[in-house]
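Peer 1: One structure is given below, represented as structure tokens, and several questions about it will come after.
The values are calculated or read from the model by the stated rules, or taken from the named source; none is laboratory data. Computed from a predicted structure; not experimentally measured. We place every Cβ from the backbone using ideal geometry, glycine too, and count neighbours over all the protein chains shown.
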Amino acid sequence: MSVFVTFKNIDSSKDNLQLHFEFVRMINDEKKSLNRIWIYRNDSLVLELENQDYLNDSIYSWNFPSIPKGFKITYPDSTNTFPSFYKSDNLRFEFLASGAYGSWLYKPNYSLPEFRWLFDLEGKQKINIGCHYERWLGKDIISIESTKEFMINNSSFRVFDTDNQQIDFEIKYKRNPTNKVALVLDKKFKKGTLLKVNFQANNGNMYSETIKVPGKSDIGIAGKYGGL
């Protein structure tokens with residue numbers, strides 16, 4: 001399921017977060033009716049909502065923060081109001097709609113002026129870029145993927161640790177322009193380590209994201225560069 005997002009108050013100075021979601025099946029652009037919502041802050045579940053009106057199957061969009069018609073907060077127990085959510089939060093939204101699953105990440109840098117190019121004039125997201133640390137047998141990689149292709153500028157890629165020391169890596173990609181890049185790291189990093197990734201993305205705009213190193217249980221065995 002595709003999840004389309006509009007950042008409603010992207011140009012407002014207010015710190016509260018307002019979003020609009022629409023849910024569409026990937027195969028034939030069929031609208032999907034929402035059944036359940038999970039909201040995570042810093043990877044911890046903070047809110048779960050579920051449709052209690054099983055005759056109501058026409059929830060194709062959702063304004064956050066609000067409780068959709070027919071829905072009830074099922075986590076935490078005995079709660080019927082939304083907690084506060086801010087532009088500075090790290091949030092993950094997960095959705096179940098007519099048997100289809102979809103998710104979307106909100107990143108605090110979306111509210112910064114230097115990342116306004118990721119959204120159109122109305123605040124609808126145009127480009128989604130994700131950076132992920134992946135553990136592998138042999139050298140670990142940082143996987144970068146964009147929803148739109150961009151011209152690779154090798155010299156623009158930088159990775160820094162929390163002491164602002166630059167990390168050495170080799171860059172790999174199969175074509176240029178591309179939407180997928182792998183940074184092959186010279187050294188491995190411990191679980192929980194924070195790394196900052198900078199590079200020149202679409203139309204020469206600079207993109208930056210801080211990522212966290214996962215645990216060893218996520219180690220990969222095959223297909224390391226298969227997605228390039």
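Peer 1: For region 13-24, enumerate the residues that are assigned to a loop (DSSP other than H, G, I, E, B) and either of a type in the set (A, V, I, L, M, F, W, C) or touching a helix residue (DSSP H, G or I) at 6+ places or on another chain (Cβ under 9 Å) (or both).
Peer 2: Within region 13-24, 15, 17 meet the criteria.
Peer 1: In region 35-61, what residues are without any contact (Cβ under 8 Å) to a residue 24 or more places away in the chain and in a strand (DSSP E or B)?
Peer 2: Result: 44, 51.
Residue-by-condition table, conditions (1) β-branched (Val, Ile, Thr); (2) farther than 25 Å from residue 104 by Cα:
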position	(1), (2)
144	yes, no
148	no, no
167	yes, yes
176	no, yes
181	yes, no
196	no, no
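Peer 1: Let me ask something else about it. Take residue 77 and tell me if it is modelled with pLDDT under 95 and surrounded by fewer than 14 Cβ atoms within 10 Å (Cβ to Cβ).
Peer 2: Considered against the rule, which asks whether it is modelled with pLDDT under 95 and surrounded by fewer than 14 Cβ atoms within 10 Å (Cβ to Cβ), residue 77 comes out as yes.
Peer 1: With surrounded by 15 or more Cβ atoms within 10 Å (Cβ to Cβ), hydrophobic (A, V, I, L, M, F, W, C) and touching a residue at least 60 places away in the same chain (Cβ under 8 Å) as the only criterion, which of 64, 95, 71 stands out?
Peer 2: On inspection, the qualifying residue turns out to be 95.
Peer 1: When region 117-138 is examined, which residues are found to be assigned to a loop (DSSP other than H, G, I, E, B), of a type in the set (D, E, K, R) and surrounded by 15 or more Cβ atoms within 10 Å (Cβ to Cβ)?
Peer 2: If the condition is that a residue be assigned to a loop (DSSP other than H, G, I, E, B), of a type in the set (D, E, K, R) and surrounded by 15 or more Cβ atoms within 10 Å (Cβ to Cβ), then 135 is the only one that fits.
Peer 1: Let me ask you something else. For region 100-110, does any single residue satisfy the condition of being over 23 Å from residue 142 (Cβ atoms), in a strand (DSSP E or B), assigned by TED's automatic domain parsing to the domain that holds residue 63 and within 16 Å of the chain's Cα centre (by Cα)?
Peer 2: Yes: one or more hits.
Peer 1: Okay, next question. Just to be sure I understand, how many residues within region 50-105 are among the polar types (S, T, N, Q) and on the phi > 0 side of the Ramachandran plot?
Peer 2: The number of residues fulfilling the criteria is 2.
Peer 1: Return the only residue of 180, 216, 188 being touching a Gly at 6+ places or on another chain (Cβ under 7 Å) and either loosely packed, with under 15 Cβ neighbours inside 10 Å or closer than 21 Å to residue 137 by Cβ (or both).
Peer 2: 180
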